[in-house]
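Remarks on the structure that follows.
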Amino acid sequence: MAISRLFLFSSIAPVMVLASFVQATTAPQASQRMGPGTSAHPIAWGPCPVTVGSSLSCGFLEVPIDYHDPSAGNGRVAVVKANATGERLGTVFVNPGGPGVSGVDSLAGIAPILFDYTGGGYDVVSWDPRGVGSSTPGPVSCFESTDEYTAFFNGTIELTGIEWTGTFADSADVAALYAQAESMQAKYVETGQRCRADPNGRYLQYMGTAATVRDLIRLADAIEGPGNPINYIGYSYGTFLGGWFVNRQSSSSPRVLAQHLYIRGRESQRVGKVVLDGVTDPGVFSDTDLSLGWSAEFTDTDKVYEGLVIACALAGPEKCAIAQEGDSPEDVHATIQAAINAAHDSARADPAFPVKSGIIRYAMVTPMYGAAAWPGATNSLLPELMAAIQEQRAPNATLVDSYLVRSPYAQVAINCADTRDATAGVGMEDIFAAAVNATRNVSHMFGAVWPVPAYYCETWPARAVERYTGPFNKTLASRILVVGNTYDPVTPFWQAETLARRFGDRAALVRMDGFGHSSLAASSSCIRAVVRAYMVNGTLPEGQGTVCDVDDAFEIYPGVTTKDVLAHMPEGGLEWES
């Protein structure tokens with residue numbers, strides 16, 4: 001089976017992934033044929049496995065593996081549905097993020113939130129995109145076991161992370177990183193070959209977002225009927241998918257998109273009510289070398305970290321264990337950096353030292369996704385790591401592992417399928433240079449966290465047979481809603497602004513004034529009201545300046561609200577050693 005691996009700063013879903021979807025039926029074989037012009041087969045809905053949710057319905061939809069080449073055979077998409085709780089208004093399709101996150105496994109966890117947001121009038125449908133979960137093509141397996149993976153990357157930054165302090169100004173740290181460039185280049189090339197050799201590896205070129213957009217349209221045709229408007233809510237990577245969905249007219253590749261979405265020269269007639277929340281603007285990465293340009297996602301990550309240290313200082317030592325009486329935010333920041341520096345210096349003196357500074361940074365990424373996780377980080381995770389450093393022992397593996405967000409190579413497969421072709425002459429040393437530059441100029445705390453899915457793309461063995469590079473400013477038949485947070489660690493608000501600006505008066509932009517990834521990171525009755533008004537009766541705020549507060553009842557620490565933290569955000573940011 002595939003070995004999961006930690007991938008950070010990938011627009012992972014802002015929801016918890018539930019147990020794997022297991023279905024006892026057999027996937028269609030490639031010998032079965034379905035031409036791209038045939039109508040979608042109906043979905044035979046049935047009970048879901050108990051691990052998915054007993055109140056949900058599950059099924060499969062047959063799809064062409066290649067919509068332009070019937071000889072590639074057929075696959076199928078695993079689908080899940082939660083029935084409307086009120087008077088039915090239609091269907092809304094949901095992608096919870098990733099890429100690589102199972103919509104089938106996620107729906108039980110997010111359905112109550114979505115019913116609240118949409119007024120309960122829609123059947124909520126999600127699915128496993130190609131290369132994910134129970135769909136066919138399925139996930140690619142690159143290693144047979146954890147032991148095999150660990151042995152393969154033993155002694156490399158893939159397991160330990162990158163060591164640096166401050167703003168990565170120490171030339172010895174830079175030299176130590178660059179010394180691994182040749183070996184990591186070879187490891188990544190071989191990893192790509194291993195993935196390609198997997199039975200699902202022959203489908204890598206069919207796992208891109210363009211094909212997933214087509215599958216979404218086929219699902220909509222099967223459920224709501226051909227030609228009807230498609231309602232869609234996308235979080236995180238789901239906004240990238242949604243951006244392609246609402247914009248697609250034709251492909252820049254020789255494979256031209258059939259007129260599912262657009263009649264050339266006219267407005268799209270398939271775009272219904274669309275909400276894009278936690279935005280990755282597709283235009284940002286349409287002509288970017290993903291391995292070198294991923295730092296665009298890091299813009300506000302340090303601001304979220306600043307929010308954490310401010311909240312801890314406001315809470316004080318009774319509620320935040322790493323704070324001391326009278327500590328300022330700078331004092332809490334200094335305490336965290338001292339732990340990182342101690343781990344760094346100990347590992348430099350003894351590479352076998354059991355706590356790596358890179359692991360501390362790894363673990364601290366997860367709390368950046370939502371302020372509700374800050375108390376756990378400051379009251380459990382960091383105290384345990386600090387004690388392990390002082391006592392020169394390994395930290396509690398169960399605790400630390402719970403903070404390491406793990407994702408399968410499906411994330412690499414989809415990210416790299418969508419990006420432009422590898423740039424001749426660009427190698428691991430260039431990627432290292434981009435990571436160092438990101439640490440110095442974009443995110444001092446997280447700029448060189450390793451690994452990141454995008455860093456595989458220069459050596460990845462496949463690109464999607466169909467990709468879309470724009471334009472991303474098509475005139476839409478229906479207005480859409482774009483939502484972003486003031487401080488989002490992986491999809492900064494400027495990307496939401498950019499996407500909304502592309503659509504002009506066809507998009508309404510709403511900002512949740514808080515911390516975390518997407519509006520699901522906190523509770524905001526204002527956000528819920530805006531989304532519900534749009535989904536129920538089609539009304540949207542005018543202009544691009546709507547701001548929604550986080551509810552005061554959403555306390556980060558007891559007695560500490562998001563408004564309290566925002567009021568103490570420093571204009572110039574925290575001080576970082578050079």
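Figures for the structure shown
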| read-out | value |
| --- | --- |
| Given (1) exposed (fewer than 11 other Cβ atoms within 10 Å of the Cβ); (2) in contact (Cβ under 8 Å) with a residue 24 or more places away in the chain, number of the condition Cys548 does not satisfy | (1) |
| Top-ranked residue of the range 413-458 - restricted to ones that are within 22 Å of the chain's Cα centre (by Cα) and hydroxyl-bearing (Ser, Thr, Tyr), ranked as farthest from Glu575 (Cα to Cα) | Thr419 |
| Residue ID - surrounded by the most Cβ atoms within 10 Å (Cβ to Cβ), chosen from residues in the range 228-249 that are part of a strand (DSSP E or B) and among the β-branched types (Val, Ile, Thr) | Ile233 |
| Residue among Asp105, Asp173, Asp198 that is of a type in the set (Asp, Glu), open to solvent by less than 40 Å² (accessible area, probe 1.4 Å) and closer than 19 Å to Leu216 by Cβ | Asp105 |
| From the options Ala433, Ala363, Ala417, residue that is within 29 Å of Asp488 (Cβ to Cβ) and open to solvent by 30 Å² or more (accessible area, probe 1.4 Å) | Ala433 |
| Only listed residue being modelled with pLDDT of 95 or more, closer than 24 Å to Met207 by Cβ and open to solvent by less than 10 Å² (accessible area, probe 1.4 Å), chosen from Val52, Val77 | Val77 |
| Failed condition for Tyr206, given (1) closer than 30 Å to Phe503 by Cβ; (2) open to solvent by 20 Å² or more (accessible area, probe 1.4 Å); (3) modelled with pLDDT under 95 | (3) |
| Some residue of the range 503-512 being in a loop (DSSP other than H, G, I, E, B) and on the phi < 0 side of the Ramachandran plot | no |
| Qualifying positions in the range 186-216 - among the small types (Gly, Ala, Ser), touching a residue at least 60 places away in the same chain (Cβ under 8 Å) and assigned to a helix (DSSP H, G or I) | Gly192, Gly201, Ala210, Ala211 |
| Residues (open to solvent by 10 Å² or more (accessible area, probe 1.4 Å) and either among the β-branched types (Val, Ile, Thr) or modelled with pLDDT of 95 or more (or both)) located in the range 158-167 | Thr160, Glu163, Thr165, Thr167 |
| Which listed residue is open to solvent by less than 40 Å² (accessible area, probe 1.4 Å) and on the phi > 0 side of the Ramachandran plot, from Gly326, Gly316, Gly307 | Gly316 |
| Every residue from the range 385-402 that is out of contact with any Ser or Thr (no Cβ under 8 Å at 6 or more places or on another chain) and surrounded by fewer than 16 Cβ atoms within 10 Å (Cβ to Cβ) | Ala387, Gln390, Glu391, Arg393, Ala394, Asn396, Ala397, Thr398, Asp401, Ser402 |
| Residues located in the range 272-302, provided they are assigned to a loop (DSSP other than H, G, I, E, B) and either of a type in the set (Phe, Trp, Tyr) or farther than 18 Å from Trp244 by Cβ (or both) | Phe285, Asp289, Thr299, Asp300 |
| Members of the range 365-398 found to be closer than 30 Å to Asp552 by Cα and not small (Gly, Ala, Ser), listed by number | Val365, Thr366, Pro367, Met368, Tyr369, Trp374, Pro375, Thr378, Asn379, Leu381, Leu382, Pro383 |
| Odd one out for Gly484 among (1) part of a strand (DSSP E or B); (2) over 28 Å from Leu404 (Cα atoms) | (2) |
| Scan of the range 150-180 for residues that are touching an Asp or Glu at 6+ places or on another chain (Cβ under 9 Å), more than 17 Å from Pro354 (Cα to Cα) and of a type outside the set (A, V, I, L, M), ordered by number | Phe152, Thr165, Gly166, Thr167, Asp173, Tyr178 |
| Residue that is most open to solvent (accessible area, probe 1.4 Å) [pool: residues in the range 459-513 that are within 19 Å of the chain's Cα centre (by Cα) and hydroxyl-bearing (Ser, Thr, Tyr)] | Tyr487 |
| Selection from the range 514-539 of residues that are surrounded by fewer than 18 Cβ atoms within 10 Å (Cβ to Cβ) and of a type in the set (A, V, I, L, M) | Ala529, Ala533, Val536 |
| Criterion (within 18 Å of Ile223 (Cβ to Cβ) and buried (at least 24 other Cβ atoms within 10 Å of the Cβ)) met by exactly one of Pro99, Pro129 | Pro129 |
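The values are calculated or read from the model by the stated rules, or taken from the named source; none is laboratory data. Values in this document were obtained by computation on a predicted structure and should not be read as measured data. Glycine also receives a Cβ, built like all others from the backbone with ideal geometry; neighbour counts cover every protein chain displayed. In case anyone asks, the SASA skips ligands and DNA or RNA and just uses the protein heavy atoms, side chains included. Shrake-Rupley method; radii C 1.70, N 1.55, O 1.52, S 1.80 Å.
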